[in-house]
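Derivation of every value follows stated rules applied to the coordinates shown; laboratory data play no part. A quick note: this is a predicted structure, and the numbers were derived from the prediction, not measured. So basically every Cβ, Gly included, is an ideal-geometry build from the backbone, and we count neighbours across all protein chains shown.
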Number of protein chains: 2
Amino acid sequence: MAVKIFGHQNPDTDTITSAIVLADIETKLGNEAVATRLGEVGPETQYALDHFGVGAPELIEGVGEGDDVILVDHNEFQQSAKDIGQANILKVVDHHRIANFQTESPLYYRAEPVGCTATILHKMYKENDFEISREMAGLMLSAIISDTLLFKSPTTTDEDIAAARALQEIAGVDPDEYGIEMLKAGASTKDKSAESLVTADAKTFDMGPKTTRIAQINVVDVDEVLDRKPEITEAIHKEIETEGYDLFVLVVTNILESNSTVIALGSDAGIVEQAFDVSLDEDTALLEGVVSRKKQVVPNITKALG
Amino acid sequence: MAVKIFGHQNPDTDTITSAIVLADIETKLGNEAVATRLGEVGPETQYALDHFGVGAPELIEGVGEGDDVILVDHNEFQQSAKDIGQANILKVVDHHRIANFQTESPLYYRAEPVGCTATILHKMYKENDFEISREMAGLMLSAIISDTLLFKSPTTTDEDIAAARALQEIAGVDPDEYGIEMLKAGASTKDKSAESLVTADAKTFDMGPKTTRIAQINVVDVDEVLDRKPEITEAIHKEIETEGYDLFVLVVTNILESNSTVIALGSDAGIVEQAFDVSLDEDTALLEGVVSRKKQVVPNITKALG
């Protein structure tokens, strides 16, 4: 049976495209592998797939005991497929911290502290002297633009920029022009329900005894979200009640101005004031210069809770 | 402050030499790094260091809060430096399963399912186009010979063999001739106390609710150990009482005949019969063809306990 490759739940552009791209690399390595996904394809990702004429990976519900799998763009089991602990994890390619991850056997694990999984995948093509198609180059470039918010996020490294430069040549697009259009495609919240806004790109983090849920939305107009605060607050409270989170932070990131407005709820909401040295006004605060959940939001809250 | 590089507690040849070799690579990469160790250098490792004229790494007691560190040849915190959870882990280069490992930040993590850390380090020289000195080649070759028991262990991969071939040219030694002498240097138990035999190369494994300690000794004459069974049994019982292990397995591996005799003690000792389909006779059984703790002993016991 072909090895299933997938990224995290609530997939973003890096997760979806990395599954597709690594399946291409594995195939070139002579391994039978298929790209899959654990959730719906968002509009930003769909824009990239459509632009380069690539189909979405197959949706799977979970994994079975002993299934051979490869994880991209995540490792923490609570962000992965249902029953991941029973699967046989052959490989991981990721750019996040490592936590809540374990295997019974030795495996291939490649993580690098770069802004995007695609930057590592680009190296894998080069190391193996594999040709990169226009489609795969376009998907990797899209992932880098998405994860680095067009190179503005503090998670951006020189390696991401160098990879993007090499890839734009093959993909035949101007990253600034194409990138803004792609980000905008994912930045409209008008057609989205309050429930989908607080769940679409949400991740759970175990921080000591506390469970924190951090959701992020990229927008070009923050008021589009803040005008709907009552229904969004209600949707968050429902999540907190159902799942028992100690803290729920909705990070509304303005991708044009490179800052974020947060809505913080739950019994530990006050920790956000300490974490970012701000005052919450009706559960809301502006975080100047904050755009990265991984590099800014998670470490600051972890530290404040510690 | 220079980054501290170290392998696991109760260091073996791969752990000691990998710290030295990775410090050489880091230095070539322009990073300030120093090889360290968490325990005494054994006679096999000393033979290799002496043969290639390289000094032992500096002994450290533990790590401090916020220290920058790099782990080689291990990742599980219980096998690492005291207070490792408080250090800032920048990098890991390893060939074991991943468990009981977590970080707060993204890091460089490179694990491959090969027989020896040195095989991965050899690739790192090649990828970076760094020259390999006779000393570093000799240490890497020694590590591969040690971890694969001269290519006889089932952990041996084609990549280990290819790396060893390339390294023997640079090191200027015949691996069969040099290897047997090196393994023999580490295989004499006559000068060792019973306590040191059961602790020198011992690792703890959390297997569900059970804690298993597995110690391994390489010998050329099994009776050298079995003749001292009463005092060895006493030393193991003392370990079990002090540390609260549910199971203690001493694996006495005959490196010339490629099999192992085990002494199994503790409340869960019976699980060894099930794990290897053998009968314990006065706590002892011969395991035909078993030479690898990682690939044979740990997975079989984990499965039997599961």
Counting C-alpha atoms alone, how compact is chain B: give Rg to one decimal and Dmax as a whole number, in angstrom.
18.8, 57
So who's got an amide H within less than 5 Å of the one on B:N88, skipping anything under 5 residues away but keeping other chains? H placed 1.01 Å off N, in plane.
B:G66, B:D67, B:D68, B:V69
Answer with one residue from A:S193, A:V54, B:H95: the one whose Cα lies farthest towards the positive end of the charge dipole of the protein assembly as shown, charges on Cβ with Lys, Arg +1 and Asp, Glu -1.
A:V54
Filtering chain A for DSSP H helices with an axial alpha carbon extent of at least 18 Å and a Kyte-Doolittle mean of at least -1.0 returns A:13-28, A:134-148, A:158-171
Using square roots of five times the C-alpha gyration tensor eigenvalues, list the equivalent-ellipsoid semi-axes of the stretch B:3-185 in whole Å, biggest first.
25, 16, 16
Zone residues, the stretch B:214-234, relative to B:E241, backbone N less than 12 Å from point 7 Å out along Cα-to-Cβ
B:234
Of A:N218, B:I144, B:V278, which is farthest towards the positive pole of the protein assembly as shown's charge dipole, taken about the Cα centre with +1 and -1 on the beta-carbons of Lys, Arg and Asp, Glu respectively?
B:I144
For a quick check: sort B:L280, B:L150 by the number of other beta carbons within 10 angstrom, fewest at the front.
B:L280, B:L150
Only loop residues by DSSP count here, and only those with at most 12 other Cβ atoms within 10 Å; note down the trypsin sites (Lys or Arg not before Pro) in the stretch A:186-226 that meet that.
A:K190
Debye calculation, C-alpha points only, no solvent: report log10 I(q)/I(0) for the stretch A:131-228 at q = 0.16, 0.23, 0.25 Å⁻¹, in the same order as the q values.
-0.81, -1.13, -1.21
Provide a whole-number value for the mean count of partner chain Cβ atoms within 10 Å of the Cβ atoms in peptide A:291-304.
1
Sum of side-chain charges, B:T284 neighbourhood, beta-carbon under 13 Å (Lys, Arg +1; Asp, Glu -1)
-4
About the Cα centre of the stretch B:17-91, how large is the charge dipole given +1 on each Lys and Arg Cβ and -1 on each Asp and Glu Cβ? Please answer in debye to the nearest 20.
160 debye
So for B:I16, B:I161, A:I132, fewest C-beta neighbours within 10 Å to most, what's the order?
B:I161, A:I132, B:I16
Average projected area of the Cα convex hull of the protein assembly as shown, in nm²?
27.6 nm²
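Taking the Cα centre of the stretch B:161-306 as the origin, how large is its charge dipole in debye, to the nearest 20, when only Lys and Arg (+1) and Asp and Glu (-1) carry charge on their Cβ atoms?
Result for the stretch B:161-306 is approximately 560 debye, rounded to the nearest 20.
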Residue by residue through the stretch B:78-94, what is 3J(HN,Hα) from phi via Karplus (6.51 cos²θ - 1.76 cosθ + 1.60, θ = phi - 60°)? Round to whole Hz and write x for glycine and proline.
6, 9, 9, 5, 4, 6, 4, x, 8, 7, 9, 7, 7, 7, 9, 10, 8
Only bridges whose two residues both fall in the protein assembly as shown count here: according to DSSP, what percent of them are antiparallel, nearest 5?
45 percent
PRE reach from B:S188 (point 7 Å along Cα→Cβ): which of the stretch B:28-63 fall under 13 Å by backbone N?
B:43-44, B:47
May I ask you to derive the FRET efficiency for B:N259 and A:S105 from their Cβ-Cβ distance with R0 = 35 Å, giving the value to the nearest 0.05?
0.95
Could you give me the ³J(HN,Hα) list for the stretch A:190-201, computed from phi with Karplus coefficients 6.51, -1.76, 1.60 and θ = phi - 60°, whole Hz, x at Gly and Pro?
4, 8, 9, 6, 4, 4, 5, 5, 8, 10, 4, 10
Of the listed pairs A:K152/A:K295; A:K152/A:K184; A:K190/A:K229; A:K28/B:K126; A:K28/B:K91; A:K28/A:K82, which have alpha-carbon separations greater than 19 Å here?
A:K28/B:K126; A:K28/B:K91; A:K28/A:K82
If you average 1/r over every pair of different alpha-carbon atoms in the stretch B:194-305 and take one over that average, what Kirkwood value in Å do you get?
13.7 Å
Toward the positive end of the charge dipole of the stretch B:14-133, about the Cα centre and with charges on Cβ (Lys, Arg +1; Asp, Glu -1), which of B:T36, B:I16, B:G115 goes farthest?
B:G115
Within the stretch B:166-201, what residues put their amide N at less than 17 Å from the label point 7 Å along the Cα-to-Cβ vector of B:K152?
B:175-189
